[in-house]
Amino acid sequence: GLGDVYKRQALVHDWLPTMGGAERVLSDFVELYPEAPIYTLICNHSKMEEPLKSANIITSHLQKKKECTNHRKLFPFMPTAIESFDLTGYDMVLSSSSSVAKGVITHPDAIHICYCHSPMRYAWEFSYEYAGKMSGKGKLVRKLLDYFLTWIRVWDYASAARVDYFIANSENVAKRIRKHYRREAVVIPPPVRCRLFQISENDGDYFLVVSRFQEYKRVDIAIAACNKLGLKLKVVGDGPDYKRLKAMAGPTVELLGRVDDAHVKELYAGCRAFLFPGEEDFGITPLEAMASGRPVIAYGKGGALETVVEGVTGTFFKEQTTDSLIDALRRFETMTFDKHKLREHAEKFDDEVFKARIKAFVEEKYNERNGVQK
């Protein structure tokens, strides 16, 4: 077992307000290293699912109350908080990071492997957007914010040097790790729980979107295209963009809000195709649709290029516009897909495959570091 290889392992994760894609990755890490504690800035225990619910989770001094409603406002204090964890007793630290988790300080002899969901967006791609949201606050705040963002970039770059090996969740993220941190990363795509999804013989007459309602997810394009063509669309999810999307939805578009897993599974299995209009680093939902034997119509940028195979598991639209998606929907009408081929494609990303790849990578690097001969 792994326990014999490393004396002590620790897991580190940015924060745990709710369950999402990154938390599924962390859940797989917990299954690989059940003895390892999880160090994280804040955690809402009531929102956690197994195996995280019963894991040994250690939170930082930023956790003031039982539940933390807006962890983003704590952002300026996060670098200091993540550095305050004492990890000197661990030989192997595995971090799951899209922000500050990679900045933990480990024992000089320890090995730190970082599974990077994305370099810190606030410091790089999104820094102007982030600053823009804060800029209504007057000149002084704006000036302080500019200083702060410069400091964050310096910290982010410096803390990347604490990582011994980077794993990126996609080619996309590996490219940004190279750009921002000047480091190479091995790509291991995130896990898809194929066992939760099944192929169905019940073919529904609707298209499907499953997404958080945030502007960059571009759910509005899917709604506008289906409005225009009079196609049935079911939309699962909620979020800050809900009111605007609800107001847009025509008679053929149904907003279902959040629905339970069993219902989502049925919706995936019965849809004509899954629509994926946003640009993501990777994007798990298209693979959940494929695991259900259903093709994907995706915006041809970012992570979708790594999961959708033109003509085999779906089709792309080139511009992030309603008209471009309408063209793709019309083209889709003339195409045929093999449910079993779709399912097979998704299985290459199954979480058993993911766990095996992570385990092999960690063991190889640990042995290299400690001069263990194979």
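Taken together, the residues in segment 188-209 that are open to solvent by 30 Å² or more (accessible area, probe 1.4 Å) and either closer than 29 Å to Glu31 by Cβ or among the β-branched types (Val, Ile, Thr) (or both) amount to 5. Only residues that are under 19 Å from Leu233 (Cβ atoms), part of a loop (DSSP other than H, G, I, E, B) and out of contact with any Lys or Arg (no Cβ under 7 Å at 6 or more places or on another chain) were counted across segment 260-291, and they come to 2.
Take the residues in segment 129-168 that are modelled with pLDDT under 75 and under 19 Å from Asp281 (Cβ atoms), then tell me which one is surrounded by the fewest Cβ atoms within 10 Å (Cβ to Cβ). Selected residue: Glu129.
If only one of Lys175, Lys179 is open to solvent by 80 Å² or more (accessible area, probe 1.4 Å) and within 30 Å of Pro108 (Cβ to Cβ), which one is it?
Working: Lys175 fails: within 30 Å of Pro108 (Cβ to Cβ).
After applying the criteria, what remains is Lys179.
Residues in segment 214-225 that are without any contact (Cβ under 8 Å) to a residue 60 or more places away in the chain and buried (at least 21 other Cβ atoms within 10 Å of the Cβ) were compared, and the one that is farthest from Thr322 (Cα to Cα) is Val219.
Taking Ser95, is it under 23 Å from the mean Cα position of the chain (by Cα), open to solvent by less than 10 Å² (accessible area, probe 1.4 Å), within 25 Å of Ile152 (Cβ to Cβ) and at pLDDT 95 or above? Give the derivation first.
Numbers: under 23 Å from the mean Cα position of the chain (by Cα): yes; open to solvent by less than 10 Å² (accessible area, probe 1.4 Å): yes; within 25 Å of Ile152 (Cβ to Cβ): yes; at pLDDT 95 or above: yes.
Here the answer is yes, as Ser95 does meet what is asked.
Answer yes if at least one residue in segment 29-46 is in a helix (DSSP H, G or I), in contact with a helix residue (DSSP H, G or I) (Cβ under 8 Å, 6 or more places away or on another chain) and surrounded by 19 or more Cβ atoms within 10 Å (Cβ to Cβ), and no otherwise. For segment 29-46, residues in a helix (DSSP H, G or I), in contact with a helix residue (DSSP H, G or I) (Cβ under 8 Å, 6 or more places away or on another chain) and surrounded by 19 or more Cβ atoms within 10 Å (Cβ to Cβ): present. A count restricted to segment 47-87 and to residues that are open to solvent by 80 Å² or more (accessible area, probe 1.4 Å), touching a residue at least 12 places away in the same chain (Cβ under 8 Å) and within 30 Å of Thr150 (Cα to Cα) stands at 2. Among the residues of segment 168-211, just one is among the basic types (Lys, Arg), free of Cβ contacts under 8 Å to residues at least 12 places away in the same chain and not in a helix (DSSP H, G or I), namely Arg182.
Against the definition (open to solvent by less than 30 Å² (accessible area, probe 1.4 Å) and not polar (S, T, N, Q)), how does Tyr268 come out, yes or no? Judged against the criteria, Tyr268 is a match.
The values are calculated or read from the model by the stated rules, or taken from the named source; none is laboratory data. What you are looking at is a predicted structure, and each value in this text was computed from that prediction instead of being measured. Heads up, the Cβs are rebuilt from the backbone with ideal geometry, glycines too, and the neighbour counts pull from every protein chain shown. Just so you know, the surface numbers come from the protein's heavy atoms only, side chains and all, with ligands and any DNA or RNA stripped out. Shrake-Rupley method; radii C 1.70, N 1.55, O 1.52, S 1.80 Å.
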